[in-house]
Amino acid sequence: MAGRIITCVEVVDWSGNGTRDLLLSAWDPCYDGRVLLRRQIGTNEDGSPILGKEELVEGVRGYVTAVRDGDVFHLVSASRMRKQIYIFPNVGKKGAPQFADPVRLDLDADWVKATSISTWPASTTSMATASPN
């Protein structure tokens, strides 16, 4: 991890065995949008996890957030730099995640640019809605 700026850290149970594994992602020149996994390989006396070496999560890019769905989790990639959200569906099973090609959700939104919340329109309940198509 030396020399990298990590902007997203997600704690997941990658192996399905109750461990605290880390997904690390960023979108900077050093990281190039890659997503890395560091599996918990042990536990220190104070209960903190001991992490293994970095492993590349193949086919997944961008800032990611894990979204639970029963025994598995899917990965969602979003950025303030683009108007799309990508979902990487987990087509694997508990303990053996495998991610399919991303599904792109385009945002159909009227973005409100304001200097403070008090200037937002009173009727604004959601800043963006995903298009069903």
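F99's amide H: which non-local residues (gap 5+, or another chain) put their own amide H closer than 5 Å, with H modeled 1.01 Å from N in plane and none for Pro or chain starts? Amide H neighbours of F99: V91.
Taking the Cβ-Cβ separation of R68 and E45 as r and a Förster radius of 30 Å, what is the calculated FRET efficiency to the nearest 0.05? Computed FRET efficiency for R68 and E45: 0.50. Taking the charge dipole of segment 32-100 about its Cα centre, with +1 at Lys and Arg Cβ atoms and -1 at Asp and Glu Cβ atoms, the residue from I87, V35, L56 reaching farthest to the positive side is I87.
FYI, it's all coordinate maths here, none of it is from the lab. This is a predicted model, so every value here is computed, not measured. In this analysis, Cβ positions are derived from the backbone assuming ideal geometry, glycine residues included, and neighbour counts consider all displayed protein chains.
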